[in-house]
Every structure is written in structure tokens, then in C-alpha cells.
Amino acid sequence: MSAFGAKRALARGIGAASRRSGRGGGTTLPGRALLRMEPEAIAKLGSGLTGGSTIVSATNGKTTTAGMIAAILGAEGRRPVHNRAGSNMTWGVATALLEQRGTEGLFEVDEAWLPRVAQQLHPRLIVLGNLFRDQLDRYGEMEALAEEWAKAVAAAPAATALALNADDPLIADLGRDTDTERPRDGTLYFGIEDHSQALPELQHAFDAKHCRRCGHPYAYEVAFVGHLGHYSCPNCGAQRPRPDVAATRIELHGMEGSAATVRVPGGEIEVELPLPGLYNVYNALAAISAAIALGVEPGHVSAALRDMRAAFGRVETIAVGDGRVSILLIKNPAGANEVLRTLKLEAADHADGIDLWIALNDRIADGRDVSWVWDADFEVLAGAVRHVTCAGTRAPEMALRLKYAGWPEDRIAVEPDIEASLDAAVAGAAGRLFALPTYTALLELRKLLADRGLAKEFWQ
Amino acid sequence: MELRVLSLYPDQMNIYADRGNILFLQRRSEWRGIGFQWKCAGQGESVDPAAHDLFYIGGGQDRDQRFVAADMVETKRAALESAVDDGAALLAVCGGYQLLGESYQLGEETLPGLGLADLRTVREEGPRLIGNVAIETEIGGRKRILAGFENHGGRTYLGKEARPLGTVVKGHGYGNNGGDGLEGVWRDNMVGTYLHGPLLPKNAWLADHLIELALERRYGTRPTLDPLPDELERAAHASARAAAGV
């Protein structure tokens, strides 16, 4: 056995042992161990993927977009090596490479780790969805992150294709060859072109204000989600690129999902999504673009998307006791705003308002800084809430935010403990309970439900 | 009575949920039957120092801060100085705090500051100073704790003329520069601090103190504010303190 082979075997053994122990961590420990022994492990293992690798990154929608791409490839009989549980730092990628066999790779990658993973994998395709303010204590400012991504894209081999969101100026600009000022060869843009879905006004958490080329403020014709929309620079003339994959007609059906007509190269397809909200339309457009870049016939995409289930925990409904709990991850202002917008549609069917459980944690993977709750527009649900239970390590601060958003104080309860608060919220709910956890609160919730036999543990 | 607030560059200087501070002032005024007037001044806009009693400036990304520094010195410096000298309240958080000083070093550049406080901000080797923080301050007449979150690359040093807002509770944050244990600046009714979070919702007492100062400037006497049912506010303060380990 080669030295690398021995390290690989040892790391695999660590993964098997950690799963047997039942303590979890199977999606990260083997990769961590391997990277400690062999820092170039991702490059070494990745070079064995003869069909190449696809990397997916974004502030919001990484797991869902990668899940959609996997579903589309799966319908074609393609089974990529994929970190499907959402463990998206280097060790999660290394674990997937270590433990799965396949000829191509599909990796969602944390924003901050994208440059390092791209440099090791020489990907066939990079899919970039959006950049929103998120965990400023960990990622720093969006513009600094966009600069790091620009360097990573510039350093990628010329053969690397790109699928980029035309509606996010921070992302779209990454497709520009700064020497020729033209789009890089092999770049596919996606975007929304249904003006009926525009926001009535620009949201507070609006993150791309200044032209990346000249610094002048952008002018927006419409915005759909946060700063994603149709923009141009009145000073230097920089413009949103015309998307190759575009949603030209969208119908949102609350929590049930949505339907869209999507223009693709050479035609048009109809897409039905079992996932709510405009943000998931963006995820689907990213996945369709990726599929096209990976050689899938556009006509094969619709059935695969219709049949997919939400990627782990992003949206799912579980029976708990006598009630039903729908779980929607919230982790930053832009993502939370889209969840709140979806719930606002849902609340239209509930005269007494909806029941909520919101869990705000401040662990490292959530971001230690919980300031962001003041940037999310909880105001949109004022008057639409029957009762809310605030949980998590920073539960009182969540409750305070809601009070100042105009939610009646007598409908707000505080109970930091995840299990006790969830049981109380389920018992008190008039119908379905909407659970809005931050990332680590979602993990705690999943563990709790798994221990009760109500949901699968995510590393299984 | 009416509380008159002016936000400076709200489109650029809003990175750490600064609107939470404004919303907090608004609700606490309205619940007491105090009118609330909120105006904004952005690029190139002049400021009438007599028209507003509480000035607010938040934090921004580097690029925005560079843009704001030049414009503010050119179009607003004299008005802000005159307002502060006249007893107006001013709260400057994070990037806004850095701009109160003589100068602010950003990368290779040195940006001009408002010169309202004897302090300067420089870059030094070392990581950004990030984390939950608690400081002890005597603003408002008695010793109290301010709790919040700090996240800054710049290191701020106070000059001889400047008084800090408070001292970092030892071992529970970095403060101005991570070295001398001081945090923020406090001059007349002007407060500069690295604590965001946003700061006021985590420290309702400071919000009420600023409201009092602003009303005193407008109406000549310091009002006694009606108490509010602050159960959640106290719990949030305790939560922020606990996060900082105090």
C-alpha cells in the first residue's frame, strides 16, 4: 500500500468508528483526519474523477442547488461523488471523496473555502448563486469576499465553465474577462425576467450598491430578492448580462412550491418546483444552467426537479405528536426575508395567524454575531402571527426583535431550551407549526427528531 | 415633544444592522407619546445643525467608508461640530466612530476624519478584533455595563484630550485597540463606540439616556421619561452580557 493509501485507509476507519459510536460527525471527521495527514488530499483524490468536478457556492441556496443538480444528474443515471449532507468546508469535501466512488464530483463549498477547494480540484464547472451579507464575523465584508472569488475564478483553468447569476452584480461580474471586457468563454448566465415578481421597494438589507467597475451607485429597474434584480451603472454603462437561462413566467404557490416557464438555449421548458419562494426559483435556474453545462438535455430537467425532495432540512414537514412541523432554515437577512415572504403568503389562509417557533443560536457555524436579526424584515409578519416561541442560545434577543417589529408582546414566549420550547410550541399550536431555526439549531432539532424516531439523522 | 433624529449616510453606513438602533429609538419614543421625526442626509447633502437633536452614523464596508469620509468632511463637518458644541446628542458606531477622529487609515490610504474627537485609527499587524464585548461606563451618571459585539480591523488610539466611553471588563472583549483596555470616546453628548449588535436594543438604558439628552437640547430641561414595561429588554441585555461572559 502506498503512503497515501495507508492514510486513506486510516481516515476511513475513523469514519466507520465514529458512526458506530453513534456520536455523529461522520460527515467531517474522516476528512479532517485525512487532511491533517495529507494537506493535498482533495487534489489527489479529485484527480481520480475522470468526469471532472462541479463546485457550487453562494451565501444562500448551496445545499438546495447542489441537491437539484444531483437530482437532475441522477435522472440520467449519473451518481456523482457529492457532499450531500451539506458539510461544505474542506473536510466535508475530503470526506465525500474518501467514502464515495464515482467518475464525477459535485461539491457545495462554503464561501470562504471556495478559493482553496477550486485551486485543488481544477473544476470542470463552477456554479455561483449569490452573495449576501452573512456572518460578517466569519466571512468579512461581501466585497472583500467577491474579490477573493474573482481571484479564484481568474486562477481556474481556461477550460473551467461558469454558471453565474446575472441578477447579482457581484456574481455576474465574475464572468467578465478583465483583459477583453467580454464574457469568458463557456459562461452561462441565469436570471429572472418576470417583472410581476418584483419587490415593491428595495429591501433594507441591500448589499450591492456600487458598481464593481467604477464605484458609482447602480440604478435598479427591478429587484426580486435582496439586491438580485435588473441593474445598470449610469456612469460606466456596466449592465446585467442577458441570461441564457431565464425564468420568464413565475407562479408562487406559498409553501407548496412554484411553477415557472424557463427560457433555455434553443427553446423553453416548464418547471414545477416542490419548494417555496422565489429564492428556490433562483436555485432551480442555477441547477438548470449547471445541468446544461454538464451536457444534460434541457428537456430532461423538468421531471427530475418535480420529483426532488428538499435538500436536507431546508424545507420539510414532519409529524410531531398530534401536530405537523414545517422546518425552514433562516441564517441571514436575505434568506430570512424570503422565508418571511413565503410565510406571509401562507398566513393569508389563517385568519387567526400562524404559529411559529424561532430558534436563534450564536455558535460558530451560525455566526457569533446575532445583529443580523435586526436587518431581516420580521415586520412583514406583524399582524399575521397567532403565537411565537423563541428558542436557542440568544432567545431573549430574538424575542426583543419581534417586539420591535410590531408583534404583540403577549403572543411572544421565550424558552431557550430547544426540546422544551418545541414541545410547548407544538402543544400550543392551532395547526401547523412553522419552525425557523438557524443552522446549528436546525442540527439540534434534527437530532432531537431523529432520537424520537421521527426523522433520519443527517449523516446516515 | 418630539425626538428629531438625523441618520448620516444610511445607504452606506448600515452594515451591522444599524437600523435596529433607529427603530429602537422610534418605538420607545412613540410608546411614550413622544413624536419621532427621522431624516437622512446622504452624499452631498448639507445638514442644518439646529433641525435635529440626535445624530446617528453607523458602520460601512471599506469602499463605502472611503466614499463617505471625503463627502462628510466636505459637506457636513462644520454643521456637525456646531451641533455637538450646542449640546446635540451624537451616536457613532464602528466605522462611524472611526470617522469622528482626526484621521483613519485604510490600507495604504489615510482618510480624513471629522476631527470631533482627539483620536486616530490606524492599521496594525494582527487579526480583526471580533467578538462579544462588555464595557463599564459612567455615562448617564452611574456605573453601568454596556454589552454588544465588536468587529473591526482598525485600532483606535485616544489622544490626551479624549475621554473613553468606558473600560473593557477585563478579559471580555478588545475595545479600541485590544491593548489599553479603553473603549469608545465620550465628549459632551457625543458617544463613539465599536459596540454594535445593534447597541441600543441590547442596552435600553443608553437609548433612553440619548432620548433625554436630545429632548433637553430642544426643550431646555431634561425630561423624566415614563418607564416602559421592559421585561424583554432586560432579558436581552442579560443575554448579551452573558454572551460576553459577564
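Return yes when residue B:228 is under 18 Å from the mean Cα position of the chain (by Cα), more than 9 Å from every other protein chain (Cβ to nearest Cβ) and either in a helix (DSSP H, G or I) or not aromatic (Phe, Trp, Tyr) (or both) and no when it is not.
Details: under 18 Å from the mean Cα position of the chain (by Cα): no; more than 9 Å from every other protein chain (Cβ to nearest Cβ): yes; either in a helix (DSSP H, G or I) or not aromatic (Phe, Trp, Tyr) (or both): yes.
So residue B:228 does not fit the description; no.
Residue by residue through the stretch A:350-400, note down the ones that are within 12 Å of another protein chain (Cβ to nearest Cβ), closer than 14 Å to residue A:412 by Cβ and part of a helix (DSSP H, G or I).
Answer for the stretch A:350-400, where residues must be within 12 Å of another protein chain (Cβ to nearest Cβ), closer than 14 Å to residue A:412 by Cβ and part of a helix (DSSP H, G or I): A:373, A:378, A:395, A:396, A:397, A:398, A:399, A:400.
Please find, within the stretch B:36-56, the residue that is nearest to the other protein chains (Cβ to nearest Cβ) out of those that are small (Gly, Ala, Ser), part of a loop (DSSP other than H, G, I, E, B) and in contact with a strand residue (DSSP E or B) (Cβ under 9 Å, 6 or more places away or on another chain).
B:42
Anything in the stretch B:90-112 that is more than 16 Å from residue B:41 (Cβ to Cβ) and either assigned to a strand (DSSP E or B) or among the basic types (Lys, Arg) (or both)? List them, or say none.
Listed by number, the residues that qualify are B:93, B:103, B:104, B:105, B:106, B:109, B:110, B:111, B:112.
Among the residues of the stretch A:111-145, how many are charged (D, E, K, R) and either within 11 Å of another protein chain (Cβ to nearest Cβ) or surrounded by fewer than 19 Cβ atoms within 10 Å (Cβ to Cβ) (or both)?
Within the stretch A:111-145, the subset charged (D, E, K, R) is A:111, A:116, A:124, A:133-134, A:137-138, A:141, A:143.
Filter again for either within 11 Å of another protein chain (Cβ to nearest Cβ) or surrounded by fewer than 19 Cβ atoms within 10 Å (Cβ to Cβ) (or both), leaving A:116, A:133, A:137-138, A:141, A:143.
Result for the stretch A:111-145: 6.
Considering only the stretch A:209-269, give the strands (runs of 3 or more DSSP E) lying wholly within it that have at least 3 residues that are without any contact (Cβ under 8 Å) to a residue 40 or more places away in the chain, more than 24 Å from residue A:150 (Cα to Cα) and not assigned by TED's automatic domain parsing to the domain that holds residue A:337.
On the way: elements: A:219-225, A:228-232, A:245-252, A:258-264.
Here the list reads A:258-264.
What is the number of the single condition among (1) buried (at least 21 other Cβ atoms within 10 Å of the Cβ); (2) modelled with pLDDT under 90 that residue A:345 does not meet?
(1)
For residue A:420, all conditions in the list (1) out of contact with any Phe, Trp or Tyr (no Cβ under 7 Å at 6 or more places or on another chain); (2) buried (at least 16 other Cβ atoms within 10 Å of the Cβ); (3) modelled with pLDDT of 95 or more; (4) away from chain B (no Cβ under 14 Å) hold save one; what is the number of the exception?
Evaluating residue A:420 over (1) out of contact with any Phe, Trp or Tyr (no Cβ under 7 Å at 6 or more places or on another chain); (2) buried (at least 16 other Cβ atoms within 10 Å of the Cβ); (3) modelled with pLDDT of 95 or more; (4) away from chain B (no Cβ under 14 Å) leaves (2) as the failure.
Scan (1) surrounded by 24 or more Cβ atoms within 10 Å (Cβ to Cβ); (2) on the phi > 0 side of the Ramachandran plot for the single condition residue A:86 breaks and write down its number.
It fails just one condition, (1).
Considering only the stretch A:330-337, I want to know if a residue exists there that is in contact with a Lys or Arg (Cβ under 7 Å, 6 or more places away or on another chain), closer than 27 Å to residue B:204 by Cα, modelled with pLDDT under 95 and in a loop (DSSP other than H, G, I, E, B).
Scanning the stretch A:330-337, I find at least one residue that is in contact with a Lys or Arg (Cβ under 7 Å, 6 or more places away or on another chain), closer than 27 Å to residue B:204 by Cα, modelled with pLDDT under 95 and in a loop (DSSP other than H, G, I, E, B), so the answer is yes.
Which number in (1) in contact (Cβ under 8 Å) with a residue 40 or more places away in the chain; (2) open to solvent by less than 30 Å² (accessible area, probe 1.4 Å) marks the one condition that residue A:193 misses?
Answer for residue A:193: the failing condition is (2).
If you take the residues of the stretch B:1-35 that are in contact with a Gly (Cβ under 7 Å, 6 or more places away or on another chain) and facing chain A (nearest Cβ under 10 Å), which of them is most open to solvent (accessible area, probe 1.4 Å)?
So the residue we want is B:11.
Which residue out of A:17, A:6 is part of a helix (DSSP H, G or I) and at pLDDT below 85?
Every option except A:17 fails the conditions.
Return yes or no: is residue B:85 farther than 30 Å from residue A:216 by Cβ, buried (at least 17 other Cβ atoms within 10 Å of the Cβ) and either more than 14 Å from chain A (Cβ to nearest Cβ) or of a type in the set (Lys, Arg) (or both)?
No: the conditions fail for residue B:85.
Sort through A:344, A:403 and tell me the only one that's among the charged types (D, E, K, R), within 14 Å of chain B (Cβ to nearest Cβ) and under 30 Å from residue B:21 (Cβ atoms).
Unique residue meeting the criteria: A:403.
The values are calculated or read from the model by the stated rules, or taken from the named source; none is laboratory data. Quick caveat: nothing in here was measured; it's all calculated off a predicted structure. Positions of Cβ are backbone-derived with ideal geometry, glycine not excepted, and every protein chain shown enters the neighbour counts. To get the accessible areas, we keep the full protein, side chains included, count just its heavy atoms, and leave off ligands, DNA and RNA. Shrake-Rupley method; radii C 1.70, N 1.55, O 1.52, S 1.80 Å.
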